[in-house]
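Take a look at the structure below.
The values are calculated or read from the model by the stated rules, or taken from the named source; none is laboratory data. Just so it is clear, the structure is predicted and the values come from calculations on it, not from any experiment. We place every Cβ from the backbone using ideal geometry, glycine too, and count neighbours over all the protein chains shown. Remember, those area values only see protein heavy atoms, side chains included, never the ligands or the DNA or RNA. Shrake-Rupley method; radii C 1.70, N 1.55, O 1.52, S 1.80 Å.
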Amino acid sequence: MRPRADVVMLTALDVEYQAVERFVAVERAHRHPEGTLFETGRIPGTHNTVALTRTGPGNTTAALIAERAIVMFRPKALLFVGIAGALKREVRLGDIVVSSKVYAFHGGKVEGREFLPRPQVWQAPHMLEQLAGHVYRSGTWEKLIDEVVPPAVHFKPIAGGEVVVNTRLGSVAEHLRFNYSDAVAVDMESVGVACAGYLNSSLPVLSIRGISDLADGAKAVTEDAGWPAVAARNAAAFAVSLAAAFLSQTLTRSGG
């Protein structure tokens with residue numbers, strides 16, 4: 001019998017997977033015929049089933065494993081949950097970025113000495129974006145992280161590529177600044193997952209990222225300070241709350 005999951009939640013790294021697992025009651029493991037291991041469980045307090053796995057870094061593997069997850073579980077939505085680097089000063093460590101759209105920033109044409117961008121872009125599914133806004137305003141997700149001052153949530157574009165961006169200088173940083181000036185975060189998986197969703201009957205896909213570094217050359221410093229774990233926890237709390245709201249028959253607001 002084919003395993004079922006209402007929502008699939010993908011992560012790239014162990015720290016991201018562990019963060020999601022904290023908020024999901026894992027019950028079973030399922031192995032894809034090609035070896036990918038998924039775990040399924042329930043969002044506490046609900047009957048909603050989610051499937052989790054770790055893709056590893058990179059858009060290619062993220063797309064491939066997203067495809068396997070979609071075919072294996074036939075979910076109603078797919079969320080990619082993890083960490084990212086910030087591209088804007090107003091986005092701070094620990095903040096959450098909910099992708100309003102995803103740019104594939106490496107596409108282009110080289111002509112002479114000039115690089116001419118040919119971007120691809122995937123808009124966030126309207127329903128998920130609207131629901132994410134409701135989850136943010138409700139404040140219920142904040143209870144999962146128990147912070148006196150909860151992180152800010154930004155509904156902004158994410159730029160996805162194939163390189164780790166750890167500088168505000170040089171050709172890649174300039175390319176992002178000049179051609180993708182509204183992107184506030186950068187990662188290496190959102191493009192692959194967005195593409196997989198689009199090619200599977202436009203399955204709703206959303207990337208939710210916690211900011212673990214500022215893409216400014218200090219990545220090692222923020223890692224040593226424990227920001228990846230904090231950022232992953234914040235993103236996971238928001239994503240699990242969004243999944244619960246997506247699968248719920250009713251929407252709630254705190255205080256009413």
Answer residue from segment 204-225, given it is in contact with a strand residue (DSSP E or B) (Cβ under 6 Å, 6 or more places away or on another chain), outside any strand (DSSP E or B) and open to solvent by 10 Å² or more (accessible area, probe 1.4 Å) and is farthest from ASN59 (Cα to Cα) among those: THR222
Answer yes or no as to whether GLY94 is within 19 Å of the chain's Cα centre (by Cα), modelled with pLDDT of 95 or more, under 29 Å from LEU176 (Cβ atoms) and assigned to a loop (DSSP other than H, G, I, E, B). yes
Has segment 131-139 got at least one residue that is touching a strand residue (DSSP E or B) at 6+ places or on another chain (Cβ under 7 Å) and among the hydroxyl-bearing types (Ser, Thr, Tyr)? yes
Residue pairs meeting the criteria (Cβ under 8 Å; at least 6 apart or on separate chains; first among the aromatic types (Phe, Trp, Tyr), in segment 169-194; second open to solvent by 10 Å² or more (accessible area, probe 1.4 Å) and not in a helix (DSSP H, G or I)): TYR180/TYR103; TYR180/PRO119
Does segment 78-88 include one or more residues that are surrounded by 15 or more Cβ atoms within 10 Å (Cβ to Cβ), aliphatic (A, V, I, L, M) and not in a strand (DSSP E or B)? yes
Considering (1) in contact with a Phe, Trp or Tyr (Cβ under 9 Å, 6 or more places away or on another chain); (2) under 28 Å from PHE23 (Cα atoms); (3) open to solvent by 70 Å² or more (accessible area, probe 1.4 Å), say which one CYS195 fails and leave the rest. (3)
Determine whether VAL172 is in a helix (DSSP H, G or I) and either surrounded by 16 or more Cβ atoms within 10 Å (Cβ to Cβ) or charged (D, E, K, R) (or both). yes
Evaluate segment 61-69: report whether one residue or more is of a type in the set (S, T, N, Q), in contact with a strand residue (DSSP E or B) (Cβ under 8 Å, 6 or more places away or on another chain) and assigned to a helix (DSSP H, G or I). no
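For the subset of segment 1-35 comprising residues that are among the acidic types (Asp, Glu) and either touching a strand residue (DSSP E or B) at 6+ places or on another chain (Cβ under 6 Å) or touching a residue at least 40 places away in the same chain (Cβ under 8 Å) (or both), which member is nearest to LEU203 (Cα to Cα)?
Step one: filter segment 1-35 for residues among the acidic types (Asp, Glu), giving 6, 14, 16, 21, 27, 34.
Now narrow it down to the ones that are either touching a strand residue (DSSP E or B) at 6+ places or on another chain (Cβ under 6 Å) or touching a residue at least 40 places away in the same chain (Cβ under 8 Å) (or both): 6, 14, 16, 27.
Details: ASP6: 12, ASP14: 25, GLU16: 23, GLU27: 25 Å.
Selected residue: ASP6.
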